[in-house]
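Following: one structure in structure tokens, then a few remarks.
Read the figures in this text as sums done on the coordinates, not as results from a lab. In this text the structure is predicted, and so the values were computed from the model without any measurement. Ideal geometry is used to build each Cβ from the backbone, glycine not excepted, and the neighbour counts take in all protein chains shown.
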Amino acid sequence: MPTRVLEVLEEEQGGLGLRLVGTNYGQVEKYAALTYCWGGDQALKTTRGNLQDHKLRIEGGRLPYTLRDAVIVTKGLGLKYLWIDALCIVQDDGIDKDTEIGRMSDIYYNAAVVISASRASHANEGFLHSRTPLGTKYGSTFKLACECPDGQDGAVVLNFSFSPSEEPIFKRAWTSRNGSWLHDFWNSARYRRDGFAETAHWTI
């Protein structure tokens with residue numbers, strides 16, 4: 001588990017709320033992790049000055065759209081915890097930043113799911129909105145039927161002629177500087193077709 005995670009609070013009438021919680025050594029819980037482009041300094045981030053406030057509550061209405069969308073996805077997947085670097089790392093504490101940045105590969109690797117807001121170039125863009133159909137821009141796609149946590153029918157879109165390097169997320173300095181963990185993430189999603197392994201892109 002990361003040192004801190006965001007607990008997704010149960011809200012009446014579908015509202016969004018978070019609370020920053022510390023974890024215990026050896027604690028094991030399923031959590032989602034968000035990777036996204038900051039697009040500049042963040043208006044909402046955890047600092048030494050607001051750390052205690054964030055442990056009490058972070059109002060969903062204060063979240064940039066990309067972070068808000070990540071909370072919606074986490075909640076929809078039935079997960080209780082979410083890791084977001086801007087909120088789970090104390091941004092003006094050099095020791096905390098060095099420690100947590102050194103653990104980021106493990107944080108993403110151990111997450112139950114990594115939410116990659118690959119098409120958003122900044123935190124206020126979001127990713128749960130109307131977009132050009134994948135097949136129109138990239139080529140062959142099809143939908144794979146699945147059952148959502150609430151029992152309703154849903155689908156995962158598979159796109160087989162997609163180059164993830166074109167997405168804004170791969171222009172993020174951290175992604176480029178730390179080798180290829182995100183490329184490895186993309187390449188780990190594979191399927192068999194006509195005897196050949198090919199990379200598949202999964203999107204919501």
(message) Just to be sure I understand the model, the point goes 7 Å from the Cα along the line to the Cβ. What's the resulting Asn110 to Val156 distance in nm?
(response) 2.4 nm
(request) Subtract the Cα-Cα distance of Glu147 and Asn50 from 0.36 nm times their separation in residues, and report this length gain in nm to one decimal. (result) 31.0 nm
(message) Could you tell me how many cubic angstrom of Cα convex hull volume segment 71-112 has per residue?
(response) 64 Å³
(message) Taking every alpha carbon pair in segment 1-117, what does the distance histogram look like in 5 angstrom bins from 0, in percent?
(response) 2, 12, 24, 27, 23, 11, 2, 0
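Using a 10 Å cut-off around each Cβ, can you sort Thr99, Thr74 from fewest to most neighbouring Cβ atoms?
Ordered by Cβ neighbours within 10 Å, fewest first: Thr99, Thr74.
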(request) Would you mind getting me the FRET efficiency between Leu128 and Ile95? Use the beta-carbon distance for r and R0 = 30 Å, nearest 0.05. (result) 0.25
(request) Assuming a ≥ b ≥ c are the square roots of the Cα gyration tensor eigenvalues, decide whether segment 38-79 counts as rounded (a/c under 1.5), prolate (otherwise, with a/b larger than b/c) or oblate. (result) oblate
